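Values quoted throughout were computed directly from the atomic coordinates according to the rules given, and no laboratory measurement underlies them. Note that the structure is a prediction, hence the values are computed from the model and not measured. Every residue, glycine as well, gets a Cβ built from its backbone with ideal geometry; the counts of neighbours run over all protein chains shown.
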Amino acid sequence: MRKVLYLLGSLNDDDAEWLIANGTKQQLAPGTAIIEEGRHPDALYIVLDGSLGADVAALGGQEVERLLAGEIVGEMSFVDARPPSATVRAREPSVVLAIPRRLLTRKLEQDSGFAARFYRAVALFLSDRLRGKVEMLGKERAVALDEGEWAEDQLDPSVLDNVYLAGTRFERMLKRLAVH
C-alpha cells in the first residue's frame, strides 16, 4: 500500500477530491486485463480492493508483481512515452478507481501545483520500488544518504509526516466510492 500513501501523502485534499470526482470505480472479474503489455493504458488505476498481477510475456507470462489495495497501476506511462512492459490482470474479483488518461493529462498540464505534487509522489514510489528490487537482488544494501541503514519496510522520511493524512484520504476514498 506504499504507492497510495506516497500519492495521497504528497497531494492535498483538493487533489484527492479531484481524483475521486474524475475517476470511475470499476469492478473487475478475475482475468480482466486493465493494462496490456505494449499498449498505452487508457487510465491510471488505484487498486481499491482485491488483487491484481503483473505478467511479463518475455518471461513466459510469469507474474513479476502482485498488486493489492492501495497500489497504483499505470503510473510509468505518465513519466515516459513508452508502452507498458507488463500486462496487469485481476487475480480475483477486484475494484479499481480508473482516472482517465486524457483527464489526468489535462489536469497535469493546467495545474502546475498538482503536477509538481503528482510527479514528486511518482518519483518517490518509483525510487522506493527500485531500492526494493536492488535489495531483493542482493546487489547492494540501500542506504539513505544521511540516515544510515534503510530498513526494508520503512517509508521515505519525507513522506512519514503525511502517512496519517494519506491513510485518512484513502479511507475517505473507499467510503465515498462505497468499497467494503
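Summary of computed values
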{"quantity": "Pairwise FRET efficiency - residue 36 versus residue 136, Cβ, R0 = 25 Å, nearest 0.05", "calculated": "0.45"}
{"quantity": "28 Å Cα-Cα reach of residue 133 towards lysines, excluding residues that sit fewer than 8 places from it in its own chain", "calculated": "3"}
{"quantity": "Normalised per residue, the volume of the convex hull around the Cα set of the chain (Å³)", "calculated": "123"}
{"quantity": "Chain lengthening between residue 164 and residue 82 when straightened (0.36 nm per residue, less Cα-Cα)", "calculated": "26.1 nm"}
{"quantity": "Length gained when the stretch residue 129-residue 176 is fully extended (0.36 nm per residue, less Cα-Cα span)", "calculated": "14.0 nm"}
{"quantity": "Computed lengthening from residue 111 to residue 63, 0.36 nm per intervening residue step minus Cα-Cα distance", "calculated": "13.7 nm"}
{"quantity": "Candidates 128, 13, 111: whichever shows maximal mean-square fluctuation once the chain is modelled as a Gaussian network with Cα springs under 10 Å", "calculated": "111"}
{"quantity": "Karplus 3J(HN,Hα) series, Hz, for segment 162-177 with 6.51 cos²θ - 1.76 cosθ + 1.60 (x for Gly, Pro)", "calculated": "9, 4, 4, 4, 5, x, 5, 5, 5, 4, 4, 4, 4, 5, 5, 8"}
{"quantity": "Pairwise centroid distance, computed over Cα atoms, of segment 31-48 with segment 53-107, Å", "calculated": "5"}
{"quantity": "Largest-first principal axis extents, alpha carbons of segment 11-59, Å", "calculated": "41, 21, 15"}
{"quantity": "Ratio of the Cα radius of gyration of segment 63-146 to 2.2 N^0.38 Å, where N counts its residues", "calculated": "1.29"}
